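Q: Have a look at the structure that comes next, please.
The values are calculated or read from the model by the stated rules, or taken from the named source; none is laboratory data. What you see is a predicted model, and the numbers here were worked out from it, not measured in a lab. Here the Cβ positions follow ideal geometry from the backbone for every residue, glycine too, while neighbour counts run over all protein chains shown. The area values use the complete protein model at the heavy-atom level, side chains included, leaving out ligands, DNA and RNA. Shrake-Rupley method; radii C 1.70, N 1.55, O 1.52, S 1.80 Å.
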Amino acid sequence: MPDDKYSAALKLIDEAHAQDPKKIEVNGKEQPYELHYSQKMSSYLEKRSPNAPDTLRLAIRAQHFRRWEIPRDSYPMNKIGYHTWRTYLKKRQADMASQICLDCGYSEDDAKRVAHLIRKEDLKKDEETQTLEDVACLVFLDDQFEEFEQQHDEDKIVKILQKTWGKMTGRGHELALEISMSEKCKSLVGKALAGG
């Protein structure tokens, strides 16, 4: 059962997410997008690793912490710009989430661990970092893929799906195949898994 410092940190993270100016409709109610996203992340973590420690739970919830403050178009709209933007965001989000952990009574080591996970350090070597990557990929497939599919050509989509699949573990693959998708999206996933 989460303790008080976990609840306090989660509350601060969610209060920040609630400030996201981008709103979406969820079950007939308007909700800040990043609050919705972070709740989806937590939901998939429960499916992927129900006994995850506080540090992973907080990293999952804060993965996009205050992301809307640094829009994608504030960097060049090319591959280098995209990677530079993502790198900056990971560091910024990790630093802010780490400070929340310290402010709520977590140890320096725990705060550093949350930051390490948000930055996705030691991916493929660190089981918890890999879990975070699985969860992020699952949320993309469940929550963002249908919109993404409408904005890009089929070849690009298949390549992105192949990259996404390659980032995931076997357990992540199992959960991904359980996601409800449109027939078109299922077909694209099938093409990606068949090698294009």
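Q: Please list, in chain and number order, the residues 5+ apart from Val26 or on another chain whose amide H is under 5 Å from its amide H, with Hs placed from the backbone.
A: Under 5 Å from the amide H of Val26 lie the amide H atoms of Gln31, each far enough along the sequence or on another chain.
Q: Which angle between 0 and 90 degrees, to the nearest 10, do you get for helix 108-118 versus the longest principal axis of the chain when only C-alpha atoms count?
A: Helix 108-118 sits roughly 10 degrees off the main axis of the chain.
Q: A follow-up question, please. Specify whether the C-alpha gyration tensor of region 40-80 places it in the rounded, prolate or oblate class, a ≥ b ≥ c being the square roots of the eigenvalues: rounded for a/c under 1.5, otherwise prolate if a/b is larger than b/c and oblate if not. Numbers along the way, then the final one.
A: Numbers: a/c = 3.53, a/b = 2.70, b/c = 1.31.
Prolate is the answer for region 40-80, as a/c is 1.5 or above and a/b outweighs b/c.
Q: Within 10 Å, count the other beta carbons around each residue, average over each peptide in 72-85, 164-177, 135-148, and list them highest first.
A: 135-148, 164-177, 72-85
Q: Checking the table Lys22/Lys125; Lys40/Lys90; Lys47/Lys112; Lys40/Lys167; Lys112/Lys159; Lys163/Lys191 against a 23 Å threshold on Cα-Cα, which pairs fail?
A: Lys22/Lys125; Lys47/Lys112; Lys112/Lys159
Q: Something else: In nm², what is the average projected area of the convex hull enclosing the Cα atoms of the chain?
A: 11.6
Q: OK, next. Applying 1/(1 + (r/R0)^6) with R0 = 35 Å to the Cβ-Cβ distance of Glu46 and Arg92, what FRET efficiency is obtained, to the nearest 0.05?
A: 0.85
Q: Carbon and sulfur atoms: what percent of the 1.4 Å accessible area of region 1-145 do they account for?
A: Reported share for carbon and sulfur atoms: 51 percent.
Q: Ok, one more. Shape call for region 9-68 from the C-alpha gyration tensor, a ≥ b ≥ c root eigenvalues: rounded (a/c under 1.5), prolate (a/b greater than b/c) or oblate?
A: oblate
Q: Related question: How much length is gained on full extension from Gln150 to Ser7, taking 0.36 nm per residue of separation minus their Cα-Cα distance?
A: Gain in length upon complete extension: 47.7 nm.
Q: With the chain treated as a Gaussian network of Cα nodes joined by springs under 10 Å, which of Arg48, Arg66, Arg86 yields the largest mean-square fluctuation?
A: Answer for the Gaussian network model of the chain: Arg86.
Q: Per residue, how much accessible surface does region 73-168 expose to a 1.4 Å probe? Answer in Å², no decimals.
A: The answer is 55 Å² per residue.
Q: If a paramagnetic tag sat 7 Å from the Cα of Val26 along the Cα-Cβ line, which residues of region 114-144 would have the backbone N under 18 Å from that point?
A: The answer is 135-144.
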